[in-house]
1. Let me know the mean shielding of B:24-34 by other chains, meaning the per-residue number of their Cβ atoms within 10 Å of its Cβ.
2. Please give the calculated 222 nm ellipticity per residue for chain B, where each DSSP H segment of at least 4 residues contributes -39500 (n - 2.57) and the sum is spread over every residue; nearest 500 deg cm²/dmol?
3. Let me know the mean shielding of B:348-356 by other chains, meaning the per-residue number of their Cβ atoms within 10 Å of its Cβ.
4. So, counting K/R as plus one and D/E as minus one, what does the shell of residues with Cβ under 13 Å around A:Lys450 add up to?
5. Just to confirm the numbers: B:Lys111, label point 7 angstrom along the Cα-Cβ line, distances to the other copies in nm, shortest first?
6. Determine the relative contact order of chain B: mean sequence separation of Cα pairs under 8 Å and six or more apart, normalised by residue count, in whole percent.
7. In degrees from 0 to 90, rounded to the nearest 10, what is the angle of the helix B:347-359 Cα long axis to the longest principal axis of chain B?
8. If you rotate chain A onto chain B, whose Cβ in A ends up lying nearest the axis, and how many Å away is it?
There are 2 protein chains.
Amino acid sequence: MMANWKNLDTLESFKELEGKKKVSVKEAMSGENGAKRVKNYSVPMAAGLTYNYAAKAVDDDILAVFEKLAKEAELTEKFEELFNGEVINTGEKRLVLHHLTRSQLGNDVIKDGVNKREFYLGEQKKIADFANDVHAGKIVNGAGEKFTTVVQIGIGGSDLGPRAIYIALENWAKKTGNFNMEAKFISNVDPDDAAGVLAGIDVAHSLFVLVSKSGTTLETLTNESFVKDALAKAGLDASKHMVAVTSETSPLASNSGYLKAFFMDDFIGGRFSSCSAVGGAVLSLAFTPDVFARFLNGAAEEDKLATNKSVKENPAMLDALIGVYERNVLGFPSTALLPYSQALSRFPAHLQQADMESNGKSVNRFGEFVNYPTGPVLFGEPGTNGQHSFYQLLHQGTDIIPLQFIGFNESQLGVDVNIQGSTSQKKLCANVAAQIIAFACGKDDENNNKKFAGNRPSSIIIGKQLTPESMGALLSHFENKIMFQGFLWNVNSFDQEGVQLGKVLAKKVLAHDTEGALKEFSDLFEI
Amino acid sequence: MMANWKNLDTLESFKELEGKKKVSVKEAMSGENGAKRVKNYSVPMAAGLTYNYAAKAVDDDILAVFEKLAKEAELTEKFEELFNGEVINTGEKRLVLHHLTRSQLGNDVIKDGVNKREFYLGEQKKIADFANDVHAGKIVNGAGEKFTTVVQIGIGGSDLGPRAIYIALENWAKKTGNFNMEAKFISNVDPDDAAGVLAGIDVAHSLFVLVSKSGTTLETLTNESFVKDALAKAGLDASKHMVAVTSETSPLASNSGYLKAFFMDDFIGGRFSSCSAVGGAVLSLAFTPDVFARFLNGAAEEDKLATNKSVKENPAMLDALIGVYERNVLGFPSTALLPYSQALSRFPAHLQQADMESNGKSVNRFGEFVNYPTGPVLFGEPGTNGQHSFYQLLHQGTDIIPLQFIGFNESQLGVDVNIQGSTSQKKLCANVAAQIIAFACGKDDENNNKKFAGNRPSSIIIGKQLTPESMGALLSHFENKIMFQGFLWNVNSFDQEGVQLGKVLAKKVLAHDTEGALKEFSDLFEI
């Protein structure tokens, strides 16, 4: 039986939610009740992570309505349809199969005679073999020397996710002996991006991974030319330095200009492609194929939890419901992602894409405009850095911004100093614990300038350490949260028509086919 | 005569502004009128920059009220009082003198018998001499060898601004022969930050710049210990590798543990300290003292424009008024900063601090709660990267996010390729021009999913190239915009009481002096 797709504001349980008494986070988190909430409002995740929502503006009453809403909106049923191969991306009439790159969920999905899970696993295997050969010195440069650097050329989903995950695991890999090649990334059409990266590497020992599903992304093809120019100028044969990650039907697929091509397909959206060959090639080369496999396992374990019917056993669904409650009942327009981990410094930028590109929509799956706010603005920087920056507004600004913290008990490198009786790692953890309470409970003061109103809701994901498994679980959690929110808002989270108009107009500018204000701006830029 | 400080909603011209007919950006930017607006709604800035606000939701009527509002709020008079040394930071009872680090504005400010302008210039000169000696090999490491790397240790304002400016000018300096030392930055108390940076540099040839105004910033002192540990383990004398940037009264000031100390004072707020010794030391060492002086000159030229009484000749004041109009009349809660320049990749993070920490306040200068929204959420990433990420929401999301673009006609490195009839630099420029029109005018379509409502307001700062001068002008523009907005909202933009509570609670956690929810979270982190 197919799921029913309905607008959020037509659901009885959403109306019930709107009528529920609001929770004062300040009251709820004070005293013994606060301590109880920290113990009780906690959901186990994969890879040793825990999702704690004690400091969110919910209580047992509201959670009970969440259960009804999850059921009425058929959230897990829709997820099942998705991974079993229904056409969930209705706008582009495509399946949505990124879970199959890592999971054993559901039935086999056969499309055009191909078992898609086997196809993705096959590409992962091809990449593993290739990376092992590169690391073993079986695949070498023209002079017979080993490659030392891998450079990803891609933009958007082909850049932000893989880059964030590389940065997240770089120190861990170095510490654990899983580091093979330094990775660099070229994304922007700004020529200073490619030129700057190329000036900083040894091109003779660099392997370039060109990532474009269609094989036609303007920025990526332009940057490929940049790289080929640089290789030619160094007297090197480009075809011995480049691999492609693309779809089987793209012009890059069977092309003698590349050492090798690895495939994804139209059923993996760019912003959900980190677990496909898009992330697989660069991460397997930089680290090891085993590290990438462990990362996929973490994501797969977390995916399983996202099939649980009960909200309290499904952290991604619970997180999604809390976010929709904050957006559509409490009326908060943005949300901050605050990892207390320098390794996660670019994870907010990746989730900014994943979230805002997926759910920044005004029409529902049937092409009708919705009457309620959908995806919020998402931003964030690592703590404790953010504490010395924009936290002032979070604590004492006129708007309430819901917060999502991430923290780990242990550092990755294990190098630490003991100052004033504690290590840096303990100071880091103490700070995130303190912030949750400061935001929730605030502080009274005779001087209004030193008063903290509190009532700023937050959740936290706590883990032992940021590892390939916990990184995979984190990625899956947020991807599935975004998916469930899209189901609740009844939008298609898997297309991105909003990026088209700018492309069309930019082509007109370059073709000098403009008039009015666009012509004037083109003139200002001397185009 | 002293200026009158009044709440925004008590000003007659603000009430007039609220009653003015709203401008449809879509209508205004269409056809010949749009072309005229691009020509007319343009203000020259310093260093060859131009502020263009054609695509903002204003017209001549609204601009006329802006003139009244600027006058009624006494914006330029307040600025004059500020740079002439009044106690503008009322919360901390401090002068606000960051303009004197670069400008010849106003009267001499004598405080405690010291001419402050001469003091700041004197520190700039001390830094220049020191940097020249380091570059010339007169100041060397213990083995008599030249330093090759400079590492800034600081957090918040001691990190974000200097880091953003270093990244902004790194390629330019390399291209123009003004590059002397690679710069790195350690900020987070997360031990993996310091350990990661230290593992990637040659400590024997590294000079560390410890930046803390008070000399007591927890993160910075902890990271200093990290560095001293590393130096000791390498058998090096730390005192030959470290300089301090601090206040004259701090424990770091006269300390044999440092090669040299450079001074700032309490009248330079951290987030406004890039033009003081905080930015001066690392930037003069990485590049040259002359590059830093040119950067200051650009800022000084832009500061002069901020004294102009007429809104149309004062780009920072105009930008500030537009932002307040968008926040308090049109009701938009966030704003995006979108530089089409990879070199400006961290400038949004710096401005996020400068803006949100300055104006994320709920009380006015007299400690009374205000009845209107103040500082918005500010976020951003470079274009064209953002186009492949969160622009979907900006174009088709349910909320309108005002936009602030930055773009340059020329790249910094001058390396480019011609693909499909245009260079990468022209493609970059074509994209930002196209985006302005796409956001403003939108596009109709039978398919709602492909419809763009338009009416998304944006401004753009256009320059010839990102150089020290134009970087200085950009920084000044935004600092002064933030200042003028603080004047309009009648908040004290120069304190940050909102960062205190978290610090106090973190200390309690580390002292095991906790109960209730805070104790439970401390236990989860095994503190």
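Just so you know, all these numbers are worked out from the coordinates, no wet-lab data involved. Treat the numbers as computed from the prediction; the structure is a model and nothing was measured. Virtual Cβ from ideal backbone geometry, glycine too; neighbours counted across all protein chains shown.
1. Average per residue, whole number: 2.
2. After summing the helix terms and dividing by residue count, I get -13000 deg cm²/dmol.
3. What the average comes to for B:348-356 is 4.
4. Net of charged neighbours comes to -2.
5. 6.4
6. Normalised by residue count, the contact order of chain B is 20 percent.
7. Approximately 80 degrees, to the nearest ten.
8. Axis-proximal residue of A, distance in whole Å: A:Phe379, 2.
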